[in-house]
1. Shape verdict for region 179-285, please, from the Cα gyration tensor: rounded (a/c under 1.5), prolate (a/b greater than b/c) or oblate.
2. If you filter region 54-128 for chymotrypsin sites (Phe, Trp or Tyr not before Pro), then keep DSSP loop positions with at most 11 other Cβ within 10 Å, what is left?
3. What accessible surface, in Å², does a 1.4 Å probe find on Glu208, ignoring ligands, DNA and RNA and rounding to the nearest 10?
4. Cβ under 10 Å from Val197's Cβ, Val197 left aside: what net charge do those residues give with Lys, Arg +1 and Asp, Glu -1?
Amino acid sequence: MKRWIAGLLTLILVLSLAGCGGRNSDDGAGETKAPAETTAKKEEGGSETEGAKESEGTGTENYKIGIVTGTVAQTEEDYRAAQSMKALYGEEHIVTATYPDNFESEQQQVIQTIKNMAQEPDMKAIIVCQAVPGTKVAFEAIKNDPATKDILLVAGVPFEDPNVITTAADISIDADHPNIGYTMTAHAKEMGAKTFVFYSFARHMAQELVVQKRDNAEKACEELGINFVYAECVDPMGEQGVSGAQQWILEDLPRKLEEYGDNVAFFATNCSLQVPIITTILNDQEHNSLYPLQCCPSPLHAMPEALGLEIPDDKKADVPYILEAEAGAVKEQGGEGRIATWAAPTNYSIIVGSVAYALEYINGNTNGLNDEEVYLKCMNDIANGAEITLNHVVDSQTGNTYDSYYLFSSTYVTY
């Protein structure tokens with residue numbers, strides 16, 4: 001049984017990590033169990049071979065799970081995770097689609113892509129990650145149609161505020177950004193930070209959870225005796241584009257080091273800014289600059305590209321190996337003790353964990369559309385040994401708790 005499970009996880013990771021490099025998206029433990037179909041088959045006395053066939057979507061029940069992500073150029077981790085699910089369960093059960101790279105100005109295309117997926121015969125669940133603007137409108141249309149209202153709708157990494165997306169999504173999930181404001185600051189303190197620079201821009205600071213992260217980071221800095229600096233940076237979705245925003249970071253970060261001196265920690269809310277920040281910090285051998293966490297915490301996000309790593313094909317499924325390889329590269333480049341991340345990949349975990357949950361829902365193993373106990377179990381089952389915890393979003397203005405909006409955290413790794 002354990003041997004088969006290890007093989008299943010290896011297949012998932014091999015397919016999802018193949019070809020992974022940098023990405024230019026816009027951010028904003030225990031024994032692993034088999035997916036629901038496999039578990040049910042084994043309890044009926046089926047062989048391991050029969051169980052494997054069931055888990056790969058060759059059972060008699062007709063169902064489809066839709067996954068909508070950005071393109072490979074924009075959000076590679078998300079795209080690869082979706083393709084790995086299609087390869088694992090089969091094209092007859094997993095339907096994938098991508099939204100436009102310029103989703104801000106092409107929201108109608110985003111909406112239509114999601115709505116079209118709901119019209120697929122036997123569609124039982126749709127996962128959108130990242131849930132860019134337009135997702136809520138599409139979800140509302142699906143819920144308002146009697147023919148599609150029972151489809152499970154999951155919004156991963158929502159761009160729309162909790163009070164907006166929760167009116168249409170059955171489950172919303174993101175990294176625990178408010179809590180990250182505290183934990184990454186405390187982690188930066190452990191790494192030796194005296195100053196904490198928080199890079200963002202107006203568009204991101206219009207998002208409720210990003211604001212909470214910034215505010216909590218500032219509060220934590222005050223409590224820990226760290227100088228907090230909010231720095232307005234170039235928006236990669238603006239006129240200068242991604243390359244212009246990256247060039248701005250490459251020029252500004254050294255200016256910040258000259259201004260604030262040694263032991264400065266840097267954080268940015270946008271994915272495309274992570275590589276230039278990491279590379280600049282690694283090249284800084286004078287000021288002991290620090291990188292406590294990515295905007296989307298993950299050993300797959302920005303790290304391999306920034307470190308110049310080429311992961312061998314036979315190791316692409318080995319997350320402990322990847323973590324060790326990154327630690328070795330950081331040490332070799334003089335950054336030991338100055339670079340950190342999470343053990344569990346954020347968006348990969350959301351997509352694969354949500355597929356596992358969708359299977360539980362389809363097989364009638366959940367208490368309705370939103371079952372927190374089952375969802376948490378699914379997230380931990382695919383976490384490759386990392387510990388995942390869930391919190392709920394609390395509206396900073398009203399104090400309202402959103403029971404269907406989950407925020408997850410993982411354990412930190414310092415290289």
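1. Values: a/c = 2.08, a/b = 1.18, b/c = 1.76.
Here region 179-285 falls in the oblate category.
2. Working: sites: Tyr63, Tyr79, Tyr89, Phe103; in loops: Tyr63, Phe103.
For chymotrypsin sites (Phe, Trp or Tyr not before Pro) across region 54-128 that sit outside H, G, I, E and B with at most 11 neighbouring Cβ atoms in 10 Å, the list is empty.
3. Number for this one is 40 Å².
4. On the way: positive: Lys256; negative: Asp252, Glu259.
Residues close to Val197 contribute a combined charge of -1.
The values are calculated or read from the model by the stated rules, or taken from the named source; none is laboratory data. Remember, predicted model here, so these are calculated numbers, not experimental data. Cβ atoms come from the backbone with ideal geometry, glycine included; neighbour counts cover every protein chain shown. Heavy atoms of the whole protein, side chains included, go into the accessibility calculation; ligands, DNA and RNA do not. Shrake-Rupley method; radii C 1.70, N 1.55, O 1.52, S 1.80 Å.
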